[in-house]
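Engineer: My questions will all concern the structure given below.
Values in this text are rule-based calculations from the coordinates and carry no lab data. Quantities reported herein were computed from a predicted structural model and do not represent experimental measurements. Cβ sites come from the backbone with ideal geometry, for glycine too, and all protein chains shown count toward neighbours.
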Amino acid sequence: MAEKQQQRQQQEKKKKTTYRKILVPHDGSDPSDRSLECAAKVARAAGARITLLNIVEEIPVPPLLHPPQMHSKATGETVSMEKYLKELYQELKGEATRMLNAKREKLYSEAAPDVVVDVKVVVGYPSDEILQFAREEQCDLIVMGTKGLRGASRVAALGSVARKVSEGADCPVILVS
């Protein structure tokens, strides 16, 4: 009887620590690459899928009485700031998607051909978007890179995206430097 109860407890514990959805915010940096490698190891062991997420940081534009006119890269025409930013975000999202697809292909060919990796790019503020995505997608784990700072620099970096995510996440967070 006690043995069966112990087995049930171990199974319950295993269920609680099994990861199905792993979120890897990736900005193209070396620490992000290392976090993807770490996430791949966890995903292989747990049979989880990974979502690579890149956030194109939103550019805050203060309200102006006379908004400036910009030159569109796409058409060469003079366009409103709003249209210019929309074009810029589309271009940056395209670049980020290509970068993430390359990271996924490298992972498939070198380390984890059996791990499913999805790619997602959004526009916004990094920590907010990471937390929102993790909640909406019911991620079980976030694995993300840090700047790898030491000593006093590390304390100064406590306002970083990694800190905000680790404090605000509803799931475990692994920080990789």
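Engineer: Could you work out the per residue convex hull volume over the alpha carbons of the chain, in cubic angstrom?
Structural biologist: Per-residue hull volume (Cα only) is 158 Å³.
Engineer: Separate question: Rank by packing, highest mean first: peptides 57-67, 83-93, with packing defined as the count of other Cβ atoms within 10 Å averaged across residues. Each step should come with its number before you reach the end.
Structural biologist: Numbers: 57-67: 8.5, 83-93: 15.4.
In descending order of packing, they fall as 83-93, 57-67.
Engineer: Say the cut-off is 24 Å between C-alpha atoms; which of 73/164; 83/103; 21/41; 21/83; 73/103; 21/106 go over it? Don't skip to the end; give the middle numbers.
Structural biologist: Details: 73/164 35 Å; 83/103 30 Å; 21/41 13 Å; 21/83 36 Å; 73/103 28 Å; 21/106 20 Å.
Cα-Cα > 24 Å for 73/164; 83/103; 21/83; 73/103; rest within.
Engineer: Still on this model: What do the square roots of 5 times the Cα gyration tensor eigenvalues come to for the stretch 56-114, in whole Å, largest first, as semi-axes of the equivalent ellipsoid?
Structural biologist: With the √(5λ) rule applied to the stretch 56-114, the semi-axes are 36, 13, 5 Å.
Engineer: What's the extension gain from residue 37 to residue 81 if we count 0.36 nm per residue and subtract their Cα-Cα distance?
Structural biologist: Additional length available on full extension: 11.9 nm.
Engineer: Quick check: the distance between the Cα centres of the stretch 109-151 and the stretch 48-64, to the nearest angstrom?
Structural biologist: 12 Å
Engineer: Compute the distance in nm between two label points, each set 7 Å from the Cα along the Cα-to-Cβ direction, one at residue 30 and one at residue 71.
Structural biologist: 3.8 nm
Engineer: Mind ordering 23-32, 110-119, 72-81, 131-140 by average Cβ neighbours within 10 Å, highest first?
Structural biologist: Per-residue Cβ counts within 10 Å, averaged per peptide and sorted highest first, yield 23-32, 131-140, 110-119, 72-81.
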